[in-house]
Amino acid sequence: MNDTIYALASASGRAAVCVVRISGRDSGLVIERLTHRSRPGQRKASLRKLFDNDGGLLDEALVLYFAGPASFTGEDAAELHLHGGRAVVTGVLEALAALGLRQAMPGEFTRRAFEHGKMSLAEAEGIADLVDSETSAQRAQALGQMSGALDQRFAVWRAALIESLALMEAAIDFPDEDLPPDVANGALAVLASLRADLASALTDRRGERIREGLRVALIGPPNVGKSSLFNGLIGRDAAIVTSTPGTTRDVIEAGMMLNGYHVIIADTAGERDTTDEIEAEGVRRAHAWAQQADLRIWVRDASQLTADPGQERVGPNDLGSDWVVYNKADIGPAPQSPVSALTGAGVDLLLDRIGAFAAEVLGGSDFPASTRARHRVLLETAVYHLDQAISHFGGAAELVGEDIRLACRSLERLSGRIGAEDVLERVFASFCIGK
């Protein structure tokens, strides 16, 4: 944290403009050495010539200087807006290395901002998600998290825990005082209400699904046209299509954007009993994928309206919904939801229905309680400690207080107020270099 770092902040390769970021206590001195002039005024763009250590001209660039703590990282920082030729960028990066700067690790700029109190860990994760966003829903969620929407939810819960802990501490520290008899009962009521709120929040998977994608599984017996329908939905020949039963042996996934949401559609192995070891493994994987899907589309053959035991074999879908569509409607009458992967009839309508489903289950005015598995695990841990605290009421008040503190610690780890070093390493390692 005491050295000065640099990195290319824009995409590598030929471009009109490339941005190099610098952060650390020597940022101002580096600018003076590169430009052979005094550093520019704070937060003002200045056109300067850049020179290497031998005095050779590297580029004429816009130079900005940010004195800490009024910078992204909270420490002295600078930006070089260069012409985007490869030789220009390479020369400037080599000059910075020659001045003794170290190339930044992935996420190191944002981590320094976190370490200097410029943002919470949840807000830092929002920045990473914004960089990776591909849909309007992902962008909106990342911007909300980056602006503190997730921290605001955590803060309300943490305040409730502190309130209940204060009531318990009063009962523990002043047992002989003339305290109202309902002090401990007041803490219990707060904890019970909070526990219900957290449990409800854990059932909301919108945040993770917006970030990772709504999961849609095509499932059904062999030769009903799942692979053909899959290719028609995604608009390319990703799955092999033959008349031989059991052609699909593994789960084939494809991502697409529908109605502003990221949707992952999966083609799966045909549901049937088989002695083929490879096909049986494909059926097992199909079951596993379908059981975790938000939407299962059961594909049936409109020309053979026979009983289909597949749905019963796979089991109920606790996470989402089940639809039935009848493929091959061009050669047989379908009782409902007709599609024809061969002619394309009904495919666009099915896509519209999936997009509407995504908007229905992923939309909502309130910000989700978690957007990553890390958040969900910590919320589950908090609920566990709340359950322990509630179960200890009527016994040792010290045990209740300790469980409340452990629940509070879980919520504090969400925002990064406290957290093990290995957790921080995992979070920031997912960032790109230069951010």
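What follows is calculated from the coordinates using simple rules that are stated; it is not laboratory data. Predicted model, so just to flag it, every value in this text is computed and none were measured. Cβ placement follows ideal geometry from the backbone for every residue including glycine, while neighbour counts extend to all protein chains displayed.
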> If Lys and Arg each add +1 and Asp and Glu each add -1, what is the summed charge of the other residues whose beta carbon sits under 12 Å from the beta carbon of His36?
Replying inline: +3
> Which of the lysines could a cross-linker span from Lys226 if the Cα-Cα distance has to be under 23 Å and same-chain partners fewer than 8 positions apart are dropped?
Replying inline: Lys328
> Which whole DSSP H helices in the chain pass both tests: a Cα extent of 20 Å or more along the axis and a mean Kyte-Doolittle value no lower than 1.0?
Replying inline: 183-202, 347-362
> Any idea how far the Cα center of the stretch 241-280 sits from the one of the stretch 6-36, in Å?
Replying inline: 47 Å
> Across 10 Å bins from 0, what is the distribution of all Cα-Cα pair distances for the stretch 211-362, in whole percents?
Replying inline: 12, 45, 37, 7, 0
> Projected area of the chain, taken from the Cα convex hull and averaged over every viewing direction, in nm²?
Replying inline: 29.4 nm²
> For the chain, modelled as a Gaussian network with Cα springs under 10 Å, which listed residue fluctuates most, Ser23, Ser365, Ser410?
Replying inline: Ser365
>> Under 5 Å between amide hydrogens, which residues at least 5 positions from Gln292 or on another chain qualify, with H placed 1.01 Å from N in the peptide plane?
In response: none
> Among Asn259, Ala358, Ala238, whose Cα sits farthest toward the positive end of the charge dipole of the stretch 211-362 (+1 at Cβ of Lys/Arg, -1 at Cβ of Asp/Glu, about the Cα centre)?
Replying inline: Asn259
> Sorting Lys118, Lys435, Lys328 on the 10 Å Cβ count, fewest up front, what's the list?
Replying inline: Lys118, Lys435, Lys328
> Applying 1/(1 + (r/R0)^6) with R0 = 51 Å to the Cβ-Cβ distance of Thr90 and Asp197, what FRET efficiency is obtained, to the nearest 0.05?
Replying inline: 0.40
>> Straight-line reach only, C-alpha to C-alpha below 29 angstrom: list the lysines that Lys49 could link to, leaving out same-chain residues fewer than 8 apart.
In response: Lys435
> Remind me, relative contact order of the stretch 211-362 in percent, using alpha carbon pairs under 8 angstrom and six or more residues apart?
Replying inline: 26 percent
> What is the chain's relative contact order, in percent, from Cα pairs under 8 angstrom and six or more apart in sequence?
Replying inline: 16 percent
